[in-house]
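I have placed the structure first, in the form of structure tokens, so that the comments after it can refer back to it.
The values are calculated or read from the model by the stated rules, or taken from the named source; none is laboratory data. Every value quoted in this text rests on a predicted model; they were computed, and no experiment measured them. Cβ coordinates were reconstructed from backbone atoms using ideal geometry, including for glycine residues, and neighbour counts include every protein chain displayed. The area values use the complete protein model at the heavy-atom level, side chains included, leaving out ligands, DNA and RNA. Shrake-Rupley method; radii C 1.70, N 1.55, O 1.52, S 1.80 Å.
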Amino acid sequence: MSKAKLTKDIAAKTGCSQQQVNDFINAFCEAVQENVSEDEQVTIVGFGTFYKTHRKATTGRNPRTGEPISIKAANQPKFRSGKKFKEAVN
């Protein structure tokens with residue numbers, strides 16, 4: 001589902017304009033990104049939790065040449081779904 005389709009669906013369910021819903025979605029995404037980047041978890045009860053993990057530096061291999069390459073350490077955003085979300089999917 002694209003962001004445009006999500007915006008239309010939410011606007012239809014809430015009676016808000018598509019522009020209002022789009023502004024809300026953008027604000028939600030920005031708030032989650034800001035908080036997760038500051039090492040805070042964002043938990044929406046019943047939906048899930050957004051959080052950050054750290055991946056250590058490792059050595060990998062170039063699949064074409066077989067040469068070893070170094071893979072830098074990095075932070076990764078993660079999402080763990082909540083119980084109600086898992087039940088709805090299953």
Scan (1) closer than 26 Å to ALA4 by Cβ; (2) over 21 Å from the mean Cα position of the chain (by Cα); (3) open to solvent by 100 Å² or more (accessible area, probe 1.4 Å); (4) not hydroxyl-bearing (Ser, Thr, Tyr) for the single condition GLN33 breaks and write down its number. (2)
Criterion first (of a type outside the set (Phe, Trp, Tyr) and on the phi > 0 side of the Ramachandran plot) does ASP39 satisfy it? yes
If you take the residues of the range 7-26 that are open to solvent by 100 Å² or more (accessible area, probe 1.4 Å) and charged (D, E, K, R), which of them is nearest to the chain's Cα centre (by Cα)? LYS8
Could you tell me whether the range 13-26 includes any residue that is modelled with pLDDT of 95 or more, part of a helix (DSSP H, G or I) and of a type in the set (A, V, I, L, M)? yes
Could you give me the residue pairs with C-beta distances under 6 Å whose first residue belongs to the range 61-83 and is under 27 Å from GLN33 (Cβ atoms), whose second residue is among the small types (Gly, Ala, Ser) and surrounded by 10 or more Cβ atoms within 10 Å (Cβ to Cβ) wherever it lies, and which are 6+ apart or on separate chains? ILE71/GLY60; PHE79/GLY48; ARG80/GLY48; SER81/GLY48; GLY82/GLY46; GLY82/GLY48
Counting just the residues of the range 41-85 that are charged (D, E, K, R), part of a strand (DSSP E or B) and surrounded by 11 or more Cβ atoms within 10 Å (Cβ to Cβ), which one comes out nearest to the chain's Cα centre (by Cα)? LYS78
